[in-house]
Amino acid sequence: MTEVVRKISLSRAMRMMQELFPEEYDFYPRSWILPEEFPIFLAEVQMMKEANPRWKPIFIVKPDGGCQGDGIYLIKEPADIQGTGSARPPRPAVVQEYVSQPFLIDNLKFDIRLYVLLKSLDPLEFYVAKDGLCRFCTERYQEPTHKNLHQVFMHLTNYSLNVHSGNFVHSDSANTGSKQTFSSVLNRLSSGGGDLEDLTEDIVSLVIKTVIAMVPNLKIYHQSDIPAGKPGPSCFQILGFDILLMKNLKPILMEVNANPSMRTEHEKEVSPGVYEYIRSPVDEAVKISVIRDTLRLVDPRKKKREKTLAEVSEAEWERENDLLEEGPELDDSKTSEAKFPSICLRELYPKLAKEFDYLRLVERIAALFIRFLGVKGTTKLGPTGFRMFIRNSKLSNSEFSMASADILYIDITKKQHGLATDRDARMDLHTFVEAICFLAQRRYKSLSLHEQVELLIDFAESNLAAQDKKRACWDQRVALVTCHQNRLQLRPATNMLVDYRSSRP
């Protein structure tokens, strides 16, 4: 999971979905990957400036392995990226268009941290917490200029940065201070006439589409450790989604955290060098319920009852929560129902599968990719595996020969890996999808890209299914012939035994 949600990996996954479904994935900022795409970034910025001389862009640079706001900075020109112009290329990072007109509360920029439980990959099952955290900057927001680009307390919403500001306010209330609950912010928006129904639907849609974009890569990493057809460990993951609201309340995905902080206290310096841990009621209100309901949901004992969270009544869940907190000797009759917390996790998948299943196209491509990987533990496809895919899927014809497939493999891997050695220049999922798109565009004309790809995958899957069926029939015939031969070999020995017994006096 850590690999999948790194800045570069997530950007590649989201870009792949943006190419296939541009209208569905417009919630992720335009991104370029450094250092390999720096020339492309430079050329595109120059082209956009020539088309609109009044355009004054702002970009945000995020190191690939950075966390808690470490190493993030704003720039106005590509030349401002650290490392450009030097002998050493820029460090691996993602540069994105900066959202310069965010929605503000009390003239402060803020983001939303939502917690998402990924419970299962196959079948896909995940939940979102009904409440989250809103984390505020500690300086009044102004649109970026040369003078304020470096003011992190104005532009970056990371708690780990703003907590060191003298303006940071720790509050016991859910609707005041530098960290508030998302529900309290929604109530404030509602009182101001905001359309909360559309906002919540957009956020739910963003979460579902992002998870769908991450799953294909996650399955490839998973299969490298867990053999196919064998039960794997009972894994689950709580993810932290960081979402920014634009001025028109359109949600924008900033990043996904594989291991979001679950701390429910903060440090306070009571004397020089001496710190005390202080409870944070706002963090407790959100995080404790997320952890509690996650443990309820992944409890192995529930598998025996064959119930899902959606099927269990709230009263039953509340009673189980009370038993977990108070112990086995709890007298239910003496416990007030008012003290029981309500369910905080909302099922997204498979509950909304019918509405979003059409987006799982890359997941089907990943299944083909995994089928031809060959070597256990690998996550990249070699030239032999790619040739087998083309041949077995019957994608080669008079217009696209096996020699053409070899050339396509070499061209795409060189484009992806640049000057890498032949051993390193193998095909990952993203380059495999690029090859699929190329083949689909050659075979099917006058259709949108996702329709072309879907037709090609249908064609490949049907040919592979027919091949599997033929192989299964052949294996069955071989097994029957082998069994018949074994019987023939045993028959003479049985006859000899009969003759020997009949000859005895």
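The values are calculated or read from the model by the stated rules, or taken from the named source; none is laboratory data. This structure is a prediction, so every number in the text was calculated from the model and none was measured. All Cβ positions, glycine included, derive from the backbone under ideal geometry; neighbour counts span all protein chains shown. In case anyone asks, the SASA skips ligands and DNA or RNA and just uses the protein heavy atoms, side chains included. Shrake-Rupley method; radii C 1.70, N 1.55, O 1.52, S 1.80 Å.
Miscellaneous remarks
- For the condition open to solvent by 50 Å² or more (accessible area, probe 1.4 Å), of a type in the set (Ser, Thr, Tyr) and farther than 15 Å from Lys7 by Cα, Ser261 qualifies.
- Output for the range 56-69, where each listed residue is touching a residue at least 40 places away in the same chain (Cβ under 8 Å) and open to solvent by 60 Å² or more (accessible area, probe 1.4 Å): Cys67, Gln68
- Unique match (being surrounded by fewer than 18 Cβ atoms within 10 Å (Cβ to Cβ), in contact (Cβ under 8 Å) with a residue 12 or more places away in the chain and over 23 Å from Glu36 (Cβ atoms)) among Glu451, Glu461: Glu461
- For Ser446, the criteria (1) in contact (Cβ under 8 Å) with a residue 24 or more places away in the chain; (2) on the phi > 0 side of the Ramachandran plot hold in every case but one, which is (1).
- Residue check for His155: in contact (Cβ under 8 Å) with a residue 60 or more places away in the chain and buried (at least 20 other Cβ atoms within 10 Å of the Cβ): yes
- Looking only at residues of the range 193-228 that are over 28 Å from Leu161 (Cβ atoms) and in contact with a strand residue (DSSP E or B) (Cβ under 8 Å, 6 or more places away or on another chain), we find that the one that is surrounded by the fewest Cβ atoms within 10 Å (Cβ to Cβ) is Val204.
- Considering Ser190, Ser271, the condition of being modelled with pLDDT under 90, touching a Leu at 6+ places or on another chain (Cβ under 7 Å) and surrounded by fewer than 18 Cβ atoms within 10 Å (Cβ to Cβ) is satisfied by Ser190 alone.
- Filtering the range 82-141 to residues that are within 25 Å of Val4 (Cα to Cα), among the aromatic types (Phe, Trp, Tyr) and buried (at least 22 other Cβ atoms within 10 Å of the Cβ) leaves Tyr115, Phe126, Tyr127.
- Restricting Phe182, Phe236, Phe241 to those that are in contact with a Leu (Cβ under 8 Å, 6 or more places away or on another chain) and open to solvent by 20 Å² or more (accessible area, probe 1.4 Å) reduces the list to Phe236.
- Residue check, Val169 surrounded by 15 or more Cβ atoms within 10 Å (Cβ to Cβ), of a type in the set (Val, Ile, Thr) and either part of a loop (DSSP other than H, G, I, E, B) or in contact (Cβ under 8 Å) with a residue 12 or more places away in the chain (or both): no
For (1) within 28 Å of Phe27 (Cα to Cα); (2) modelled with pLDDT of 90 or more, each residue gets a yes or a no:
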site	(1), (2)
His164	no, no
Lys179	yes, yes
Gly194	yes, no
Lys230	no, no
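- Taking residues in the range 202-221 that are more than 13 Å from Phe21 (Cβ to Cβ), and partners anywhere that are basic (Lys, Arg) and outside any helix (DSSP H, G or I), the pairs with Cβ atoms closer than 8 Å and at least 6 places apart or on different chains are Asp202/Lys250; Val215/Arg360.
- Among the criteria (1) part of a helix (DSSP H, G or I); (2) of a type in the set (D, E, K, R); (3) open to solvent by 80 Å² or more (accessible area, probe 1.4 Å); (4) over 22 Å from Leu361 (Cβ atoms), the one Arg387 does not fulfil is (3).
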